[in-house]
Amino acid sequence: MAEGAALRAVRGCLAAFPREARELGWTESIPYLDRPPSPLEFYRDWVSPNKPCIIRNAISHWPALKKWTSAYLREVVGSKVVSVAVTPNGYADAVFQDRFVMPEERQMPFMDFLDIVEKKVTSPNVFYVQKQCSNLTEEFPELVCDVQPDIPWMSEALGKTPDAVNFWLGESAAVTSLHKDHYENLYCVISGEKHFLLHPPSDRPFIPYELYQPATYHVSDDGSFEIVDEKSADKVPWIPLDPLNPNLEQYPLYAQAKALQCTVKAGEMLYLPSLWFHHVQQSHGCIAVNYWYDMEYDLKYSYYQLLDCLTKAMEVS
């Protein structure tokens, strides 16, 4: 077979694979479970086939659902200095002006952050408590007793405890750009709503990646933001496309992708499987906690790596 014909054949296989995977594995919407599953049920029906679901009544016993009011958070966390991501546009860890731009990580009293979220203090910028690496246990240990240290049926299903437990609170303008993680992710909404746009790993041939110079927002003396390159850091592969307003002239293959959208309400839990692409929005002042369990680097992961490598090879050929 000539080289050109071989490349066309590979492209055809990559284009057909996401459609076949959808027909075999994905529904038109995210299923709901009315109760938390047993460890065996969860592993068999959701983790192993890599399918998302929304679980009701899994965290209804958490004190946080009733206790985590603004008044309670002010009393318990108060003037403690915490890490807050600050951006001019709400997009942290996202492509902007041909850079992969990370937020300014500002250290500020938690009550000052709440003043901004509650509009008691006005700011032209967007503030979001979103530091990961288990920021709930590291920065907000005062709140840990109001949730669980892990999700017992998930820990038993996977035979491990979470690698991180993260606390999220921010403005509605704060948006998480489209990306994927190597975690089995349980996303628990305490108050407000989270809006997810999801793509299965099989959609990878339709989702563009490009390499970007990493940079960070810095606030100048006059209060304006400047973008400062992290010159010693390697370029970062990231998705340049906004799934809410995709530029199909620049990225025509994305028209063949098929996103799933869902809203996770207070008291609900989203199981977001490893390697799924996700874009996240939220209602103003939404509070959430998520549990990251590291994925198994098994044959499933090897298959995804092969898909990713083949897609990259076709993008540059």
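Throughout, read-outs are computed from the coordinates displayed, never taken from laboratory work. These figures come from a predicted structure and were not determined experimentally. For neighbour counting, all protein chains shown are included, and Cβ atoms are generated from backbone atoms with ideal geometry for every residue, glycine included.
In which sequence would Asp112, Asp229 go, from the one with the fewest C-beta neighbours within 10 Å to the one with the most? Please list the in-between numbers first.
Numbers: Asp112 16, Asp229 12.
Least to most surrounded, the residues fall as Asp229, Asp112.
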Quiz item: Amide H neighbours of Thr87 under 5 Å, counting only residues 5+ apart in sequence or on other chains, H built in-plane at 1.01 Å?
Solution: Val126
Quiz prompt | Förster radius 30 Å - calculated FRET efficiency between Ala173 and Asp112, Cβ distance, rounded to 0.05 | solution = 0.95
Self-check item: Arg19 versus Glu105: modelled label distance in nm, points set 7 Å from Cα along the beta carbon direction
Solution: 4.5 nm
Quiz prompt | Local electrostatic count at Ala21 - Lys and Arg +1, Asp and Glu -1, tallied over other residues with Cβ under 12 Å | solution = +2
Practice problem: Using only alpha carbon pairs under 8 Å that are at least six residues apart, calculate the relative contact order of segment 174-279 and give it in whole percent. | Solution: 54 percent
Quiz item: Quick one: net charge of Pro63's neighbours, Cβ under 13 Å, K/R +1, D/E -1?
Solution: 0
Quiz item: Just for the Cα atoms in segment 78-208, what are the lengths along the principal axes, largest first, rounded to whole Å?
Solution: 44, 41, 23
Practice problem: Would you please classify the overall shape of segment 6-165 from the alpha carbon gyration tensor, given that a ≥ b ≥ c denote the square roots of the eigenvalues, rounded means a/c under 1.5, and beyond that prolate means a/b larger than b/c while oblate covers the rest? | Solution: oblate
Practice problem: With a point put 7 Å past each Cα toward its Cβ, work out how far Val121 is from Gln213 in nm, to one decimal. | Solution: 3.3 nm
Exercise. Have a look at Pro88, Pro52, Pro152 and tell me which one the Gaussian network model of the chain (Cα, springs below 10 Å) gives the largest fluctuation.
Key: Pro152
Quiz item: Top mean-square fluctuation among Ala85, Ala71, Ala174, Gaussian network model of the chain, C-alpha springs under 10 Å?
Solution: Ala71
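Contour minus end-to-end for Glu315 and Asn89, with contour as 0.36 nm per residue of separation and end-to-end as the Cα-Cα distance? The partial results should precede the final answer.
Values: separation 226, 0.36 × 226 = 81.36 nm, distance 3.01 nm.
Taking Glu315 through Asn89 to full extension adds about 78.3 nm, to one decimal.
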Exercise. May I ask for the Rg/Rh ratio of segment 257-317, computed from Cα atoms with Rh as the Kirkwood radius, given to two decimals?
Key: 1.07
Practice problem: Determine which lysines satisfy two conditions relative to Lys231: a Cα distance under 24 Å, and not lying fewer than 8 residues away in the same chain. | Solution: Lys131
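Please give me the summed charge of the neighbours of Val95: other residues whose Cβ is under 11 Å from its Cβ, Lys and Arg +1, Asp and Glu -1. Present the calculation step by step, with values, prior to reporting the outcome.
Working: positive: Arg99; negative: Asp93, Asp98, Glu210, Asp242.
Summing Lys and Arg as +1 and Asp and Glu as -1 gives -3.
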Self-check item: Most mobile listed residue (Ser155, Ser232, Ser70) in the chain, GNM with C-alpha springs under 10 Å
Solution: Ser232
Exercise. Rank these for me by crowding, Asp203, Asp115, going from fewest to most other beta carbons within 10 Å.
Key: Asp115, Asp203
Self-check item: Estimated vicinal HN-Hα couplings, Hz - segment 274-282 in sequence order (Karplus 6.51, -1.76, 1.60; Gly, Pro = x)
Solution: 4, 6, 6, 7, 8, 10, 10, 10, 8
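Rank these for me by crowding, Phe96, Phe167, going from fewest to most other beta carbons within 10 Å.
Working: Phe96 17, Phe167 25.
Going from least to most buried by this count: Phe96, Phe167.
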Self-check item: Residue-wise HN-Hα coupling along segment 58-64, computed from phi with Karplus coefficients 6.51, -1.76, 1.60 (Hz; x: Gly, Pro)
Solution: 8, 10, 5, 8, 6, x, 4
Quiz item: At His284 and Glu28, where each label point lies 7 Å from the Cα along Cα→Cβ, what is the point-to-point distance in nanometres?
Solution: 3.5 nm
Practice problem: Work the Kirkwood hydrodynamic radius out for the chain: mean of 1/r over every pair of different alpha-carbon atoms, inverted, in Å. | Solution: 21.0 Å
Self-check item: Using θ = phi - 60° and Karplus 6.51 cos²θ - 1.76 cosθ + 1.60, couplings along segment 285-297 (whole Hz; Gly, Pro as x)
Solution: x, 4, 10, 8, 10, 10, 10, 9, 10, 4, 6, 7, 8
